[in-house]
Amino acid sequence: MNKERHEFHMSVGAATIFMIFVILVMSVLSILSYLRAKSYDESIMRQVIKTSEYYQSEAKLMDCYYQLDVKNIEHQLKTMNRDYIYQNGHYIIEENVDENRILKLTFSIDSEKLEIISLKTESKEKTYGS
């Protein structure tokens, strides 16, 4: 009986080329992972700044609101150098959040006490409708 052995022999050059290819692929993947992580970090920092600006504006508005007394509101707002709008029985005071957004606090006087109607963010950009 004649037994023939079939063995696979890989030369040294092929193994080296394969290892270089693997290292190259791993390097590309690590660079892509780094760029993705950096992008997420920048995005998170932008979001932290926007959130911080919003809460600082809200704190200023609420501080102003809690200093107000039911009697003679307009005089108190003027003493605080605070611009306001009186419209349909509601007072509206504003605070800039950033260069593109405004935070508006709407409140009214109800049964000798102040009542918050809404606190909302609006864009400063003017929209031109049809």
Among all residue pairs at least 6 apart or on different chains, which show Cβ distances below 7 Å where the first residue, located in segment 38-62, is closer than 30 Å to L114 by Cα and the second is polar (S, T, N, Q) and in a helix (DSSP H, G or I)? none
Run E99 past the list (1) open to solvent by 100 Å² or more (accessible area, probe 1.4 Å); (2) part of a helix (DSSP H, G or I); (3) among the charged types (D, E, K, R) and report the number of the one that doesn't hold. (2)
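Of all residues in segment 102-113, which are free of Cβ contacts under 8 Å to residues at least 40 places away in the same chain, part of a strand (DSSP E or B) and exposed (fewer than 12 other Cβ atoms within 10 Å of the Cβ)? If you could, list the steps in order and put the result at the bottom.
Let us first name the residues in segment 102-113 that are free of Cβ contacts under 8 Å to residues at least 40 places away in the same chain, namely 102, 104, 106, 108-111.
Of the ones still in play, those that are also part of a strand (DSSP E or B) are 102, 104, 106, 108-110.
Selection gives D110 alone.
Select, from I116, I49, I92, I44, the only residue that is part of a strand (DSSP E or B) and open to solvent by 40 Å² or more (accessible area, probe 1.4 Å). It would help to see each step written out before you state the result.
Values: I49 fails: part of a strand (DSSP E or B); I92 fails: open to solvent by 40 Å² or more (accessible area, probe 1.4 Å); I44 fails: part of a strand (DSSP E or B).
Going through I116, I49, I92, I44 in turn, just one is part of a strand (DSSP E or B) and open to solvent by 40 Å² or more (accessible area, probe 1.4 Å): I116.
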Answer yes or no as to whether E99 is at pLDDT below 95, among the charged types (D, E, K, R) and farther than 27 Å from K124 by Cα. no
Go through segment 119-130 and count every residue that is open to solvent by 100 Å² or more (accessible area, probe 1.4 Å) and within 28 Å of the chain's Cα centre (by Cα). 4
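Looking for something open to solvent by 70 Å² or more (accessible area, probe 1.4 Å), more than 25 Å from the chain's Cα centre (by Cα) and β-branched (V, I, T) - is there at least one such residue anywhere in segment 80-89?
Taking segment 80-89 and keeping what is open to solvent by 70 Å² or more (accessible area, probe 1.4 Å), we get 81, 83, 85-88.
In the following step, the residues that additionally are more than 25 Å from the chain's Cα centre (by Cα) were identified as 81, 83, 85-88.
Those left that are additionally β-branched (V, I, T): 85.
Within segment 80-89, one or more residues are open to solvent by 70 Å² or more (accessible area, probe 1.4 Å), more than 25 Å from the chain's Cα centre (by Cα) and β-branched (V, I, T).
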Taking only segment 13-31 into account, find how many residues are open to solvent by 100 Å² or more (accessible area, probe 1.4 Å) and more than 47 Å from the chain's Cα centre (by Cα). 1
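Can A37 be described as assigned to a helix (DSSP H, G or I) and modelled with pLDDT under 95?
Values: assigned to a helix (DSSP H, G or I): yes; modelled with pLDDT under 95: no.
In short, no.
If you go through segment 59-67 one residue at a time, do you hit one that is in a helix (DSSP H, G or I), surrounded by fewer than 10 Cβ atoms within 10 Å (Cβ to Cβ) and at pLDDT below 95? Don't jump to the end; show me each part of the working.
Kept after step one, since they are in a helix (DSSP H, G or I), are these residues of segment 59-67: 59-67.
Narrowing the set further to residues that are surrounded by fewer than 10 Cβ atoms within 10 Å (Cβ to Cβ) leaves 66.
Pick out the ones that are also at pLDDT below 95 and you get 66.
Yes: segment 59-67 contains one or more residues that are in a helix (DSSP H, G or I), surrounded by fewer than 10 Cβ atoms within 10 Å (Cβ to Cβ) and at pLDDT below 95.
The values are calculated or read from the model by the stated rules, or taken from the named source; none is laboratory data. Being a predicted model, the structure only gives us computed values, none of them experimental. For neighbour counting, all protein chains shown are included, and Cβ atoms are generated from backbone atoms with ideal geometry for every residue, glycine included. In case anyone asks, the SASA skips ligands and DNA or RNA and just uses the protein heavy atoms, side chains included. Shrake-Rupley method; radii C 1.70, N 1.55, O 1.52, S 1.80 Å.
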